[in-house]
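One structure is given below, encoded as structure tokens.
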Amino acid sequence: MSARERYGLTRVINARGTYTPLGVSRSSAGVREAVDEALADFYVMDELQSAASRVISGFSGAEAGAVVHCASAGITLAIAATMTGTREEYVAQLPDSTGMKDSVVLPAGHAVDYGHPIVQDIRLAGARPVLAGTVEHCAIDRLAKSLDAESVACLLLVSSRLVRGEPISLGAAVAQAHQRRLPVIIDGAAQDMRVDELLATGADLVIVSAQKYLGAPTAGLVIGSRDLVAAVRAQEKGIGRSMKATKEGILGALAAIRDRERFELRTWRRQEERKVSEFARRADRIPGIRARVVPDPAGMPISRVELSVDGDRVGVSAVQAADVLRTGNPPIYVMEEKARVGILTLELVPLDGDELGVVLERLSELANAR
Ligand SMILES: *Cc1c(COP(=O)(O)O)cnc(C)c1O
């Protein structure tokens, strides 16, 4: 009996991307085997983390790496690391930051909500978020002015659909912080395929979720300088206790990295492009729906399908169509950011042929309902 049957859990079709409330991603058989092996045995966790560091270095070219509970934990622990270094009494003292520098500067447009406010990740370390500029605009010299004697680090976000305002050059921001001898942490979120590029900005630590496109169990990768990674690991005896990586998380993440290293990006992209264009071609034949293939605006090597819903012909608006899809059986989740302007966006990466068929069928039913 499946868990779904036993507990009466809903089958969902996730065309919304690496979405945390739906379980994020699907893992490969290799990753699942690694988790199974991990759960059956004991390990010296410190050894496991050192092995993880070697694998992450090999994968990213960075000096060191560590696995933590998730990317959110990674942000908190990276900030804690900049505050305490490896000083044991400081590590044990957090989140009380008495005697430590505690201001973490970030451009106001990077103070996103990815399911919770990112500034809370800063506060959890006992630090104080300081927003530079306005949500619409943060010039580099505005950011530079906010970096003062109280500052302990600068936090930046990879460009994504969450970041607001005019884009800011990550490289220029890193240079400003480094001029003031301040470390820079970049939240790379789901964009594990762009780790090289993010490290090339000069950032001291880059954090990505392992369970998003990498397809690992829930885990966060903290990647960067040897000293700061050591300071992240030092938090295991402090606030990091409640954000620790599990043995199955570490071994699952390492298996996912091995998958990625063996993975032929070009072949995968060709298959994905075929899947996406075939889906778009069939969706475009549905009366009242226009489909087009769009690249990921943040530069990940994936395409999505945008469906323009002609409310007059379909009989419902895009907002209502998303509602109908989500509340039907099985529920279908799509990206709704542009629903107000008549567009639904679908990410097809994790979907199999049967699921794509169900999505097309439900779109046809919707269009033929009036
Ligand atoms: C998903 C996400 C995170 C957190 O990832 P978890 O691994 O779920 O903690 C952090 N930042 C951004 C921008 C995200 O999208």
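Residue by residue, here is whether (1) open to solvent by less than 20 Å² (accessible area, probe 1.4 Å); (2) in a helix (DSSP H, G or I) holds:
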site: 305; (1), (2): yes, no
site: 319; (1), (2): no, yes
site: 333; (1), (2): no, no
site: 357; (1), (2): no, yes
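Among the residues in the range 158-174, are any within 16 Å of the ligand (Cβ to nearest atom), outside any loop (DSSP other than H, G, I, E, B) and closer than 16 Å to residue 73 by Cβ?
Step one: list which residues in the range 158-174 are within 16 Å of the ligand (Cβ to nearest atom), which gives 158-165, 167-168, 170.
This time we only want the ones that are outside any loop (DSSP other than H, G, I, E, B), so: 170.
Filter once more, so that each one left must be closer than 16 Å to residue 73 by Cβ: none.
No, the conditions are met nowhere in the range 158-174.
Only one of (1) surrounded by 14 or more Cβ atoms within 10 Å (Cβ to Cβ); (2) over 25 Å from the mean Cα position of the chain (by Cα); (3) not basic (Lys, Arg) is not met by residue 60, so which one is it?
Evaluating residue 60 over (1) surrounded by 14 or more Cβ atoms within 10 Å (Cβ to Cβ); (2) over 25 Å from the mean Cα position of the chain (by Cα); (3) not basic (Lys, Arg) leaves (2) as the failure.
Specify the residue that is most open to solvent (accessible area, probe 1.4 Å); the eligible residues are those in the range 287-303 that are assigned to a strand (DSSP E or B) and closer than 30 Å to residue 158 by Cα.
292
Tally time: how many residues in the range 103-139 are surrounded by 22 or more Cβ atoms within 10 Å (Cβ to Cβ) and of a type in the set (D, E, K, R)?
1
Hey, does the range 78-93 have a residue that's in contact with a Gly (Cβ under 6 Å, 6 or more places away or on another chain) and of a type in the set (A, V, I, L, M)? Write out each step before concluding.
Going residue by residue through the range 78-93, those that are in contact with a Gly (Cβ under 6 Å, 6 or more places away or on another chain) are 91-92.
Add one more test, that the residue is of a type in the set (A, V, I, L, M), and what stays is 91-92.
For the range 78-93, residues in contact with a Gly (Cβ under 6 Å, 6 or more places away or on another chain) and of a type in the set (A, V, I, L, M): present.
May I ask you to list the residues in the range 335-351 that are buried (at least 17 other Cβ atoms within 10 Å of the Cβ), of a type outside the set (Ser, Thr, Tyr) and not in a loop (DSSP other than H, G, I, E, B)?
335, 339, 343, 344, 346
Any residue in the range 25-39 that is open to solvent by less than 90 Å² (accessible area, probe 1.4 Å), over 30 Å from residue 337 (Cα atoms), within 16 Å of the ligand (Cβ to nearest atom) and in a helix (DSSP H, G or I)?
yes
So is residue 76 part of a loop (DSSP other than H, G, I, E, B) and modelled with pLDDT of 95 or more or not?
Considered against the rule, which asks whether it is part of a loop (DSSP other than H, G, I, E, B) and modelled with pLDDT of 95 or more, residue 76 comes out as no.
Which count do you get for residues in the range 80-117 that are over 17 Å from residue 239 (Cβ atoms), among the hydroxyl-bearing types (Ser, Thr, Tyr) and touching a residue at least 60 places away in the same chain (Cβ under 8 Å)?
1
Between residues in the range 163-181 that are on the phi > 0 side of the Ramachandran plot and residues that are in a loop (DSSP other than H, G, I, E, B) and exposed (fewer than 13 other Cβ atoms within 10 Å of the Cβ), which pairs lie under 9 Å by C-beta distance while being six or more apart or on different chains?
Close Cβ pairs (under 9 Å, with a partner that is in a loop (DSSP other than H, G, I, E, B) and exposed (fewer than 13 other Cβ atoms within 10 Å of the Cβ)) amount to 165/136.
Starting from residues that are in a helix (DSSP H, G or I) and farther than 23 Å from residue 162 by Cβ, keep the ones in the range 83-125 and report whichever is nearest to the ligand (Cβ to nearest atom).
Applying the first criterion (in a helix (DSSP H, G or I)) to the range 83-125 yields 83-84, 88-93, 108-110, 118-124.
Next, only the ones that are farther than 23 Å from residue 162 by Cβ stay: 83-84, 88-93.
Values: 83: 20, 84: 21, 88: 27, 89: 28, 90: 24, 91: 21, 92: 24, 93: 25 Å.
Residue satisfying both the conditions and the ranking: 83.
Return yes when residue 260 is in contact (Cβ under 8 Å) with a residue 40 or more places away in the chain and surrounded by fewer than 19 Cβ atoms within 10 Å (Cβ to Cβ) and no when it is not.
It is true that residue 260 is in contact (Cβ under 8 Å) with a residue 40 or more places away in the chain and surrounded by fewer than 19 Cβ atoms within 10 Å (Cβ to Cβ).
State all residues of the range 82-102 that are within 23 Å of residue 173 (Cα to Cα) and surrounded by fewer than 20 Cβ atoms within 10 Å (Cβ to Cβ); if no residue qualifies, say none.
Correct list: 85, 101.
The values are calculated or read from the model by the stated rules, or taken from the named source; none is laboratory data. On a predicted model such as this, the values are computed, not experimentally measured, just so you know. Cβ: placed from backbone, ideal geometry, glycine included. Neighbour counts: every protein chain shown. Areas reflect the complete protein model, heavy atoms only, side chains present, ligands, DNA and RNA absent. Shrake-Rupley method; radii C 1.70, N 1.55, O 1.52, S 1.80 Å.
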